[in-house]
Amino acid sequence: MDKLRCLLFLFVLLLSRDLLAMEPPLSGKYWLFLGTYTSDDGSKGIYRCSLDAATGKLGDPEVAMAITNPSFLHISPDGRSLYSVGESAPDGSVHSFKLDLSTGMLSDQVSLTSGGPGACHISTDKQNQFAVVSNYSDGSYAFFKLKPDGSIDSRIAYHRVPLVKVDGKERKALGHCGAFNSTGEFAFTCDAGQDKLHLFRLDREMATVSINDPSSILMPASSAPRHIHIADDDSVAFVNGEHDMTVNLVKLDTKSNRYEVVQSLSTLRAGEQVQNGDSTAECRIHPNGRFVYVSNRGHNTIAVFKFDAVAAKLSPVGHITGDIKIPRNFNISPCGRWMLIASQDGGKVGVFEIDQETGLANETSHVVAISRCVCIKFVSKL
């Protein structure tokens with residue numbers, strides 16, 4: 001009986017911790033930072049607006065920082081720093097900014113080269129001591145050390161994936177995304193050109209990066225793995241296949257150094273085939289861990305899957321639909337109630353309310369006009 005009470009207490013403790021993590025901020029509002037593709041007659045850089053956690057209403061957007069092509073953003077775990085890539089050629093760039101949680105102002109810019117053309121993704125570890133940047137055009141990944149204040153210190157490693165031959169044809173790497181596990185000892189990077197996840201090991205004390213053995217996880221042929229999201233307990237990762245429009249479940253065992261793709265499901269409806277111009281873009285886990293989402297460009301939907309953590313299995317639920325045009329990026333509020341979808345070709349960001357039981361979402365009337373928006377990030381407003 002005592003053992004049963006102890007287990008019950010631990011269950012309630014874990015449940016309450018998860019519920020507290022999904023509580024809206026004390027201010028009742030989030031800052032929303034939006035990355036864009038810039039142009040003379042369109043977007044000017046990174047935009048900022050507010051989201052009311054109770055109603056889903058959006059405030060008026062304004063330019064938070066004028067830089068070129070900030071196509072992907074990342075906010076540090078403590079919310080005090082914002083990072084951005086500058087997706088350009090011949091050299092991409094990475095930027096770090098101080099973030100004032102009261103005003104939403106960005107300041108103290110630090111800019112460095114990303115080491116390759118077409119920098120398209122940046123993320124940091126949970127300890128906010130290191131960052132990984134993906135360079136799409138030359139299939140390279142750059143690692144950076146961060147200072148205690150969150151600003152970028154220096155590039156500590158650079159790895160360009162060499163060409164490989166598949167069926168007698170050369171295939172170049174296309175670096176699209178990178179993510180650290182919870183301890184920050186491993187980094188997993190998506191290669192959409194060679195259908196692989198590349199694995200790197202970090203020596204955190206020495207601030208060095210080495211190629212893991214095995215060096216990669218082979219994904220389904222012609223899937224083009226684009227983005228990866230790792231579960232909080234590091235047991236699995238979800239990877240969307242850009243070309244074959246799939247969501248892939250990958251089992252991770254960093255202790256035994258073993259990895260396996262255990263499930264691959266279509267992000268389309270039953271019976272539908274991939275059409276010319278269709279592709280997936282973003283993959284996300286709901287804050288409650290029960291649902292996984294993938295955005296479908298061309299199909300212009302968000303595919304919804306239920307995740308059974310015990311069985312380590314995904315099941316299709318349905319699709320979120322509405323006035324969506326090329327959803328390159330979307331995100332879910334930390335409280336789990338709101339999904340914001342960026343229509344890259346629709347010139348707007350729309351708010352959808354998530355049904356906590358089914359994981360599906362209904363479109364609301366809340367919207368802001370943003371030209372070529374391709375990234376959405378939340379941070380709690382003080």
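The values are calculated or read from the model by the stated rules, or taken from the named source; none is laboratory data. These numbers were taken from a predicted model, which means no experiment stands behind them. Note that we place each Cβ from the backbone using ideal geometry, even for glycine, and neighbour counts take in every protein chain shown. Surface areas here come from the heavy atoms of the whole protein model, side chains and all, with no ligands, DNA or RNA. Shrake-Rupley method; radii C 1.70, N 1.55, O 1.52, S 1.80 Å.
Numbers at a glance
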read-out: Accessible area per residue in Å² at 1.4 Å probe, computed on the range 193-349; value: 41 Å²
read-out: Theoretical FRET efficiency, 1/(1+(r/R0)^6), r = Cβ-Cβ of Ser365 and Arg204, R0 56 Å, to 0.05; value: 0.75
read-out: Normalised alpha carbon radius of gyration of the range 225-313 [divisor 2.2 N^0.38 Å]; value: 1.08
read-out: Stretchable slack from Ser39 to Ala89, in nm (0.36 nm times residue separation minus alpha-carbon distance); value: 16.5 nm
read-out: Listed residues Ser315, Ser333, Ser96, most fluctuating in the chain (Gaussian network, C-alpha, under 10 Å); value: Ser315
read-out: Built amide H within the under 5 Å cut-off of Lys196, gap 5+; value: Asp191, Met219
read-out: Lys pairs, the range 67-207 - Cα-Cα below 17 angstrom, 8 or more residues apart or on other chains; value: 7
read-out: The range 132-176: C-alpha pair distances exceeding 15 Å, %; value: 53 percent
read-out: Alpha carbon convex hull of the chain, projected area averaged over orientations, nm²; value: 19.9 nm²
read-out: Built amide H within the under 5 Å cut-off of Phe291, gap 5+; value: His286, Phe307
read-out: Cβ-defined net charge surrounding Ala207, 14 Å radius [Lys, Arg +1; Asp, Glu -1]; value: 0
read-out: Diffusion constant of the range 250-382 at 4 °C, which comes from Stokes-Einstein with the Kirkwood Cα-pair radius and 1.567 mPa s, µm²/s; value: 83 µm²/s
read-out: Label zone at Ala309 (point 7 Å along Cα-to-Cβ), backbone N below 20 Å, the range 214-246; value: 228-239
read-out: Neighbourhood charge, 11 Å Cβ-Cβ cut-off, centred on Ala192 and excluding it, Lys, Arg +1 and Asp, Glu -1; value: +1
read-out: Ellipticity estimate at 222 nm from DSSP helix runs (n ≥ 4, -39,500 (n - 2.57)) divided over the chain, nearest 500; value: -2000 deg cm²/dmol
read-out: Proximal lysines to Lys325, defined as alpha-carbon separation beneath 17 angstrom and excluding residues fewer than eight positions away on the same chain; value: Lys348
read-out: Whole-Hz ³J(HN,Hα) from phi, Karplus 6.51 cos²θ - 1.76 cosθ + 1.60, for the range 263-271, glycine and proline x; value: 7, 9, 10, 6, 8, 9, 6, 4, x
read-out: Most to least accessible of Asp125, Asp40 (protein chains only, probe 1.4 Å); value: Asp40, Asp125
read-out: Solvent-accessible ranking of Met245, Met65, largest area first, probe 1.4 Å; value: Met65, Met245
read-out: Counted charge near Asn300, where neighbours are those whose Cβ lies closer than 10 Å (Asp, Glu -1; Lys, Arg +1); value: -1
